[in-house]
Amino acid sequence: DAGVIQSPRHEVTEMGQEVTLRCKPISGHNSLFWYRQTMMRGLELLIYFNNNVPIDDSGMPEDRFSAKMPNASFSTLKIQPSEPRDSAVYFCASSARGGGETQYFGPGTRLLVL
Amino acid sequence: GESVGLHLPTLSVQEGDNSIINCAYSNSASDYFIWYKQESGKGPQFIIDIRSNMDKRQGQRVTVLLNKTVKHLSLQIAATQPGDSAVYFCAENPPQGSNYKLTFGKGTLLTVNP
């Protein structure tokens, strides 16, 4: 099992640029989560998809953030325009069913916005 | 709001000793708990989980204890090895209708001295 796959692993960009993060969940999992991790705030849930449908996006910081899941094997998190305060590690996780189940995390994308 | 917290932010042990990492949770209705290990530069990795109908669960060199009376969770690592050095997070699944959400603690940094 390849686990959750994320790309890119590292991203350095300038303020105002568009950033797109990608995730491939574990095959057969029907729930996908995007998290952001910072030293100050720890792990924060941004958005949760179940069967490719966004169920809860209450954690998305603002309109600059958007996420899509066009099919069961791919999701994107987009930041446009990016700001320095968006610098963080962004994790994608998937679980088999979503409810009270273990979430398996990807390696993360380390984003630095200058 | 209710949250998961950790008693000790850092723990330093000698190689070969047993480690105990503690976690206090405040939502007495939480029914599922997970311990994650996060090594530097990597995503959180599932270690072990436990449901609220149990008070102990053992894995390979790890044991999780759940004390619902005092709302306390602990992770015991036997014969701690240098490779166990990481940040350990506890997470709870509070049954708030949307039972997919995990509430993560701040994490405890475990350092194993050779």
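Within a 10 angstrom radius of the beta carbon, how do B:Thr63, A:Thr109 rank from fewest other beta carbons to most?
B:Thr63, A:Thr109
What percent does the relative contact order of chain B come to when contacts are Cα pairs within less than 8 Å and at least six residues apart?
37
Once R0 is set to 35 Å, what does the formula 1/(1 + (r/R0)^6) return for the Cβ-Cβ distance between B:Val70 and A:Asp57, expressed as a FRET efficiency to the nearest 0.05?
After rounding to 0.05, the efficiency reads 0.50.
Averaging sequence separations of C-alpha pairs under 8 Å and six or more residues apart, then dividing by the length of chain A, give the relative contact order as a whole percent.
Computed over chain A, the figure is 37 percent.
Rg and Dmax of region A:47-86 over Cα atoms: what are they, in angstrom?
10.9, 33
With each pseudo-label sitting 7 Å past Cα toward Cβ, what's the A:Met15-B:Lys42 distance in nm, one decimal?
Once both label points are built, they end up 3.6 nm from each other.
What spacing in nm lies between the two simple spin-label points modelled at B:Asn113 and A:Thr38, each 7 Å away from Cα in the Cβ direction?
3.5
Kirkwood Rh and Cα-based Rg: tell me the resulting Rg over Rh for region B:35-114, rounded to two decimals.
0.98
Under a cut-off of 20 Å between alpha-carbon atoms, report the lysines in cross-link reach of A:Lys78, not counting same-chain residues fewer than 8 places apart.
A:Lys24, A:Lys68
HN-Hα J couplings of region A:18-26 from phi, Karplus 6.51/-1.76/1.60, θ = phi - 60°, integer Hz, Gly and Pro as x?
Once θ is set to phi - 60°, the couplings for region A:18-26 become 8, 10, 10, 9, 10, 8, 10, x, 5 Hz.
Ratio of the protein assembly as shown's C-alpha Rg to 2.2 N^0.38 Å, to two decimals?
Here the answer is 1.02, to two decimals.
Any idea what log10 I(q)/I(0) is at q = 0.14, 0.28 Å⁻¹ for region A:38-114, Debye with uniform C-alpha scatterers and no solvent?
With no solvent term, the Cα-only Debye profile gives -0.48, -1.68.
What is the dipole size for the protein assembly as shown, taken about its Cα centre, with +1 at each Lys and Arg Cβ and -1 at each Asp and Glu Cβ, in debye to the nearest 20?
Dipole about the Cα centre, nearest 20: 280 debye.
Under 25 Å between alpha carbons, and skipping anything fewer than 8 positions from B:Lys68 in its own chain: which lysines qualify?
Straight-line reach from B:Lys68, under 25 Å: B:Lys37, B:Lys56, B:Lys101, B:Lys106.
In nm, to one decimal, how far is the modelled label at A:Asn30 from the one at B:Arg57, with both set 7 Å along Cα→Cβ?
Distance between the two pseudo-spin positions: 2.2 nm.
Give me B:Asp17, A:Asp56 ranked fewest to most by other Cβ atoms within 10 Å of their Cβ, as a rough exposure proxy.
B:Asp17, A:Asp56
Quick one: Karplus J couplings for region B:80-95, per residue in order, coefficients 6.51, -1.76, 1.60, θ = phi - 60°, nearest Hz, x for Gly and Pro?
For region B:80-95, the Karplus-derived couplings read 4, 10, x, x, 7, 4, 4, 9, 10, 10, 9, 9, 10, 10, x, x Hz, x marking Gly and Pro.
Here, each number is a calculation from the coordinates, and none is a lab measurement. Remember, it's a predicted structure, so these values are computed and weren't measured experimentally. For neighbour counting, all protein chains shown are included, and Cβ atoms are generated from backbone atoms with ideal geometry for every residue, glycine included.
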